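Q: Below is one structure. I have some questions about it.
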Amino acid sequence: MLLARAPPPPLLPASSSPAQSLRAFRSHRVPAPRAAADAARAVSKASSLPGGQKHKQVASVANPLVKHCVKLRDSAAYRRSFRRLLLVGLATIREICRLGFAAIDCLLLLDGVEVPEELHELSDDVVYVSATVMKKISGMRSVDSTEAIAVMHMPKHFCDLNCDDGGAGLDGLFRSPKRILVLDGIQDPGNLGTLIRSACAFKWDGVFLLPACCDPFNEKALRAARGSTLQLPVVCGNWCDLHALVAKHNMKMLAGHPETSTHGSQRSHTLSKELAESLMSESVCLVLGSEGNGLSEETVQACQLVSIPMEGIFESLNVSVAGGIFLFMLQLKQKTYNRTFAP
């Protein structure tokens, strides 16, 4: 969808610090669009608005705000230290904001693009950036599909147990969990985001990320999750943390496992309607491992292995596909399942 063009904003100084730059973004929402100016004037002159307000612009990749945003995109540690994340793409921003969970610190728009109407009330801080800056921040070669980037607050229900200031405590996030998805070494951000999305869709209580998983606020993971990361409790921790959670809530531990694989004498159970129904009264913790490395030895020792029955020559499914099947079959309420598959 083409967006209307907005008037050109003034430049923000490249010498200011990230904190100064962010403070400078405090302004009221952008009013109705005016006639577009030529590119040269967009960089060098400001358009006066009613009340003396002005649009703001960053045109240099050396600006501290640009460096701050690039670090938010590239570094999980940096994101967690600031408790901020970067959303790239107008469609993604709109989808997440429609859910009502988002708090935007700063909305960066490509030069000349009007602030979308639905975002007027969600961000008072609007900064226009050049195509060069937009490509630098987004990491993309083209700005054809990157008209907007948002700096947003990390959700309060994200907790990193490896950090002292990891947000809400584990007990506050999982008070009486019935269904928890645990990811063991899932490094592909697309798979991780898709699994979080599926867990949210089937009303699981949260996601627990063991070490070696990619960051859930990786830009690709956020895009794949389609806003689910901002709705569902997500916890990063180790096996000791997970064992404590499982013991406290008396949870049964299952692990998705290829039917043809073997781990010593441990037998793999088959995922079925009967198995799912037998677990309806129990709290369940489902562990899924990476496609490359499979389940860790800790997972194999701690869990009952469950496989998806398949025919043909294929030994396994993509972890996000297999995970969707597990999450659907083992969801707490099976009304949809019974209605869909009843004879």
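The values are calculated or read from the model by the stated rules, or taken from the named source; none is laboratory data. None of the values given here were measured: they were computed from a predicted structure. Positions of Cβ are backbone-derived with ideal geometry, glycine not excepted, and every protein chain shown enters the neighbour counts. Accessible surface is based on the protein model in full, side chains and every heavy atom, while ligands, DNA and RNA are left aside. Shrake-Rupley method; radii C 1.70, N 1.55, O 1.52, S 1.80 Å.
Q: Could you please find all residues in segment 226-258 being of a type in the set (D, E, K, R) and within 30 Å of L90 (Cα to Cα)?
A: Start the filter on segment 226-258 by keeping residues that are of a type in the set (D, E, K, R), which leaves 226, 241, 248, 252.
The answer is R226, and nothing else.
Q: Considering each residue of segment 240-252, count those that are under 30 Å from S272 (Cβ atoms) and in contact (Cβ under 8 Å) with a residue 60 or more places away in the chain, and give that number.
A: Step one: list which residues in segment 240-252 are under 30 Å from S272 (Cβ atoms), which gives 242-243, 245-252.
Within this subset, residues satisfying the condition of being in contact (Cβ under 8 Å) with a residue 60 or more places away in the chain are 242, 245, 249, 251.
Total meeting the criteria: 4.
Q: Mind listing whichever residues of segment 293-334 are open to solvent by 60 Å² or more (accessible area, probe 1.4 Å) and of a type outside the set (A, V, I, L, M, F, W, C)?
A: Residues satisfying the conditions are N293, E297, E298, Q301, P309, E311, G312, E315, S316, K333.
Q: Sticking with this one: Looking only at segment 283-292, how many residues end up being at pLDDT below 95 and either of a type in the set (F, W, Y) or surrounded by 12 or more Cβ atoms within 10 Å (Cβ to Cβ) (or both)?
A: Going residue by residue through segment 283-292, those that are at pLDDT below 95 are 289-292.
Subset that is either of a type in the set (F, W, Y) or surrounded by 12 or more Cβ atoms within 10 Å (Cβ to Cβ) (or both): 289-291.
The qualifying residues number 3.
Q: Among the helices (runs of 4 or more DSSP H) contained in segment 83-185, which hold 2 or more residues that are farther than 30 Å from E297 by Cα and either among the acidic types (D, E) or modelled with pLDDT of 80 or more (or both)?
A: Values: elements: 90-98, 131-138, 170-173.
Here the list reads 90-98, 131-138.
Q: Additional query: Quick check on my filter: what residues within segment 80-126 are open to solvent by 50 Å² or more (accessible area, probe 1.4 Å) and not charged (D, E, K, R)?
A: If the condition is that a residue be open to solvent by 50 Å² or more (accessible area, probe 1.4 Å) and not charged (D, E, K, R), then S81, F82, A91, L99, G100, F101, L122 are the ones that fit.
Q: Of all residues in segment 127-155, how many are more than 19 Å from the chain's Cα centre (by Cα) and open to solvent by less than 10 Å² (accessible area, probe 1.4 Å)?
A: Number of matching residues: 5.
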